[in-house]
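The values are calculated or read from the model by the stated rules, or taken from the named source; none is laboratory data. Predicted, not measured: the structure shown is a model, and the values here were computed from it. Note that each Cβ is placed from the backbone with ideal geometry, even for glycine, and that neighbours are counted across all protein chains shown. Remember, those area values only see protein heavy atoms, side chains included, never the ligands or the DNA or RNA. Shrake-Rupley method; radii C 1.70, N 1.55, O 1.52, S 1.80 Å.
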Amino acid sequence: MAANIPSILTTPAQLPAQGPRLMTNLDTDFLKLVAIFSMLIDHIGGIFFPEVGIFRWIGRLAFPLFCYCMTVGLLYTKDSKRYLGRLLLFAVISQPFYVLAFHHDDWMTEWSNWNIFSTLFISLLAMVGFKERKWWLFILSFLAASFLSFDYSANGIILMLIFFLCRNHPKLGALLFVLDYIGCLWNGSPEDPLALVVGGHAVDWLIFSLLAAPLIFLRTNTHLKVPKWFFYAFYPAHLAVLGLIQFF
């Protein structure tokens with residue numbers, strides 16, 4: 001095991017000039033399409049059918065897939081500042097539509113509940129600190145994600161660390177990914193209408209995030225190519241549509 005540690009922790013600067021070698025799935029346009037489709041189903045359920053579990057269960061695929069694609073993007077980007085800037089820009093653009101869609105009854109007090117782009121931004125900021133060994137940036141970002149109003153708290157950072165460090169060790173990555181969600185087996189509440197109840201035992205519905213594991217750690221090759229701006233624009237656009245439908 002000790003002999004494998006240097007290869008696990010190899011930084012992108014040490015990887016071949018043509019880009020980092022990854023043994024996990026590089027079919028990221030396909031993964032992003034799966035993520036936005038599951039996110040759309042999740043948001044339709046959250047807004048219009050809040051107590052129907054299947055919508056929210058399918059939606060749990062989205063966050064791990066987005067975190068994985070962000071990690072791959074960080075490994076390949078030539079300019080991490082521009083990458084962060086795009087995420088921050090769309091986090092700001094998306095916020096009023098997020099409030100309209102999910103908190104339209106209480107606009108003034110709900111602006112501090114930030115949208116998922118904000119979570120991805122703070123998670124990626126932490127990973128830039130980790131990658132570039134700016135430990136102060138990593139620690140501050142981790143604390144901000146943990147104690148401020150970010151969805152999923154610091155779990156996005158934990159997931160990105162797993163994907164980053166285990167990019168050439170998919171079996172280890174899959175194991176750590178499963179362990180990250182294993183607590184869901186005991187954290188469910190019988191009063192939660194979205195919980196999965198098995199034999200009278202309630203399982204936290206976040207357990208369905210594990211459905212993303214095969215897509216991340218097993219290779220696909222769909223050859224799909226989608227303009228990157230589509231993925232950025234889809235988030236505020238679909239929130240605007242859902243919010244307007246609900247509002248009117």
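Residues in the chain average 51 Å² of solvent-accessible surface per residue, probe 1.4 Å, ligands and nucleic acids excluded.
What does the charge add up to near Asp29, with Lys and Arg as +1, Asp and Glu as -1, over the other residues with Cβ less than 10 Å from its Cβ?
Counting the neighbours of Asp29, the net charge comes to +2.
Against the chain, whose longest principal axis comes from its Cα atoms, helix 80-102 is set at around 10 degrees. Between helix 135-147 and the chain there is an angle of about 20 degrees, using the helix long axis and the longest principal axis of the Cα atoms. Excluding same-chain neighbours fewer than eight residues apart, the lysines reachable from Lys32 by a Cα-Cα span under 26 Å are Lys78, Lys81, Lys131, Lys171, Lys225, Lys228. Can you give me the relative contact order of the chain as a percent, contacts being Cα pairs under 8 Å and 6 or more apart? In percent, rounded to a whole number, it is 28.
Based on the alpha-carbon gyration tensor of segment 111-248 and its eigenvalue square roots a ≥ b ≥ c, which shape applies: rounded if a/c is under 1.5, prolate if not and a/b is larger than b/c, or oblate? Rounded shape, in that the Cα axes give a/c under 1.5.
Rounded to the nearest 10 degrees, what's the angle between the helix 116-131 long axis and the longest principal axis of the chain, both from Cα atoms, 0 to 90? The helix 116-131 is inclined about 20 degrees to the chain.
Only helical runs count toward this figure. For the chain, summing -39,500 (n - 2.57) over DSSP H runs of n ≥ 4 and dividing by all residues gives -19000 deg cm²/dmol at 222 nm. Taking a ≥ b ≥ c as the square roots of the eigenvalues of the alpha-carbon gyration tensor, segment 189-248 is classed oblate because a/c is 1.5 or more while a/b is no larger than b/c.
How much length would be gained if the chain were fully extended between Thr222 and Phe247, taking 0.36 nm per residue of separation minus their Cα-Cα distance, in nm to one decimal?
Here the answer is 5.2 nm.
The alpha carbon gyration tensor of segment 18-170 gives principal lengths a ≥ b ≥ c with a/c of 1.5 or higher and a/b no greater than b/c, which makes the shape oblate.
Taking the centroid of alpha carbons for each part, segment 189-236 and segment 159-182 are 16 Å apart.
Quick check: at a probe of 1.4 Å, how many percent of the accessible area of the chain sits on carbon and sulfur atoms?
The computed percentage sits at 69.
Springs join every pair of Cα atoms under 10 Å in this Gaussian network model of the chain, and among Cys166, Cys184, Cys69 the largest mean-square fluctuation is at Cys184.
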